[in-house]
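What follows is a set of notes on a single structure, which appears directly below.
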Amino acid sequence: MSSKARSDSTRCVHSGEDRHGRTAPLTTEIVQTAVFALKNTNELRRYAAGANDLYLYSRYGNPTVRAAEEKVAALEAAEDCVLTSSGMSAIMSTVLGVCKAGDEIVSMLDIYGGTLRLFGDVLPRCGIKTRLVEFDQLDRIARQFTSKTKMLFLETPTNPTLRCVHIGTLAAEAHKRGICVVVDNTFATPILQKPLQHGADITLHSATKYLGGHSDLTAGAICANKKLIEPIRSMMIVTGACTDPSVAYLLLRGLKTLQLRVERAAVNAFHVAELLASHSKVEQVFYPGLPGPFHQVAMRQMRDFGMMVSFDIKGGGKAAERFIDSLKLWYLATSLGGVESTVSYPVLSSHISLSAADQKKLGVTPATIRLSLGIEDAADLIADLDQALRKA
């Protein structure tokens, strides 16, 4: 069987780490070094000419990091991948690899709060302007494009209200004008959604979340064809946004169980969403697996509906805080994607830097609570949610 014909579960275990036909450690070694010794000046000359079987300095490349890059690329059905030090550095490296001073980005307003800060506070210092488009205007996205637009930035499902956008439709509009389409695929993971197969040019992740899966590493990943990856890798190197070999090793370890974890957490999310949808203390539930405006879009481009569930609790902010503080099993933690189930309060974490008006545009209020499902027993998670809701 060719590597391209393998399933995702097989790619999770084997891609980037083939040991067949040779005597070698079964797990990838941690090549914990900053610099590599070369045999002679001819090897230095070969490296300078682009030889891919040599390493010089771990900021430029490292065997452990490369193994993780190959595994993520295989899962995203991409030609290549660049690992970075965090999800935010992945976005920054991507922007700098695609755009220059004077260029513009068109982005959904419904994106991670940290990305909004990067686009609003940092990129203008580089001469790069961002046009933010509200969700109900995305079907008229072409009106936002100008001759300066070089990138369309999308996130689907969104954080925290889990709105889904049709990647193919928006990508087609952007490609009519030669605009590069970037999708943050952190929430879906390549197990549930492969943006490159739906028309995106670049897909990226906060690998800190589901790809790592154990809440013990910080990393980012960018996947695309080799032509797009080359300038992005150069920006990663120049800005020092490289991944440490020990982090790459942990990422390799986490990726091996990615499909198993995603499948279990997605089942848990479905059961939790069903509970919340019928609970008297819940105002509304945000989950694309339930009937609603985003269900059909999710059905068309995702294998399942994800591992996240958000909801608005009746009683506003005070009820939300009572609920969170009453949980016994769920951890209050601002990140997501680990084996542990966590609860987050967006108005005091991911979206705290946004104005109340912008929070409202995103559907985020003091009553909004975000849940990241782990791999625990669904009955235990539901029992804890129920007792906390009764106390709210």
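A compact table of results
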{"item": "Helix axis angle, 378-391 relative to the chain longest principal axis, alpha carbon, degrees", "result": "50 degrees"}
{"item": "Dipole of the chain, positive direction: furthest Cα of TYR60, VAL285, ALA298, with charges on the beta-carbon", "result": "TYR60"}
{"item": "Net charge over other residues, Cβ less than 15 angstrom from the Cβ of ARG143 (K, R count +1; D, E count -1)", "result": "0"}
{"item": "The chain, helix-only ellipticity at 222 nm - DSSP H runs n ≥ 4, -39,500 (n - 2.57), divided by all residues, nearest 500", "result": "-10500 deg cm²/dmol"}
{"item": "Longest to shortest principal axis, alpha-carbon extents of region 124-208, angstrom", "result": "35, 30, 23"}
{"item": "Rounded to the nearest 20 debye, dipole of the chain from Cβ charges on Lys, Arg, Asp, Glu", "result": "800 debye"}
{"item": "Average Cα contact separation per residue, region 321-378, under 8 Å, 6 or more apart, as relative contact order %", "result": "37 percent"}
{"item": "Amide H contacts of ASN62 (H built 1.01 Å from N, under 5 Å, at least 5 apart or other chain)", "result": "none"}
{"item": "Region 90-182, relative contact order [Cα under 8 Å, separation at least 6], %", "result": "32 percent"}
{"item": "Between helix 87-98 and the chain: long-axis angle, C-alpha atoms, 0 to 90°, nearest 10", "result": "60 degrees"}
{"item": "0 to 90° range, to nearest 10: angle between helix 316-326 axis and the chain longest Cα axis", "result": "70 degrees"}
{"item": "Solvent-accessible heavy-atom area per residue, rounded to whole Å², over region 280-392 at 1.4 Å", "result": "45 Å²"}
{"item": "Relative contact order %, the chain, counting alpha carbon pairs below 8 Å whose residues are six or more apart", "result": "18 percent"}
{"item": "13 Å reach of a label modelled at LEU260, 7 Å along Cα-to-Cβ, counting backbone N of region 7-40", "result": "9-10, 12-14"}
{"item": "Per-peptide average of other Cβ atoms within 10 Å, ordering 214-224, 6-16, 360-370 highest first", "result": "214-224, 360-370, 6-16"}
{"item": "Rounded, prolate or oblate (a/c below 1.5 giving rounded, otherwise prolate when a/b exceeds b/c) for region 162-256 by Cα gyration tensor", "result": "oblate"}
{"item": "Spacing of the two label points (7 Å from each Cα toward its C-beta) at ILE237 and SER280, in nm", "result": "6.5 nm"}
{"item": "Lysines with Cα under 23 Å of LYS148, excluding same-chain neighbours fewer than 8 positions away", "result": "LYS100, LYS129, LYS176, LYS227"}
{"item": "Spatially proximal lysines relative to LYS391 (Cα-Cα < 29 Å; intrachain offsets below 8 disregarded)", "result": "LYS281, LYS314, LYS318, LYS328, LYS360"}
{"item": "Lys, Arg +1 and Asp, Glu -1 on Cβ, resulting dipole of region 150-271 about Cα centre, debye, nearest 20", "result": "200 debye"}
{"item": "Per-selection Rg to Rh, region 8-107 - Cα, Kirkwood hydrodynamic radius", "result": "1.03"}
{"item": "Highest-first arrangement of 322-329, 236-243, 184-191, where packing means the average Cβ count within 10 Å", "result": "184-191, 236-243, 322-329"}
{"item": "Once the Cα gyration tensor of the chain is diagonalised, semi-axes √(5λ) in Å", "result": "36, 26, 18"}
{"item": "Hull volume in cubic angstrom per residue (convex hull over the Cα atoms of region 51-197)", "result": "130 Å³"}
{"item": "Cα gyration tensor category, rounded, prolate or oblate, for region 291-392 with a/c compared to 1.5", "result": "oblate"}
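The values are calculated or read from the model by the stated rules, or taken from the named source; none is laboratory data. As the structure is a computational prediction, the values presented were derived from the model and not from experiment. Cβ sites come from the backbone with ideal geometry, for glycine too, and all protein chains shown count toward neighbours. Only protein heavy atoms, including side chains, enter the accessible area calculation; ligands, DNA and RNA are left aside. Shrake-Rupley method; radii C 1.70, N 1.55, O 1.52, S 1.80 Å.
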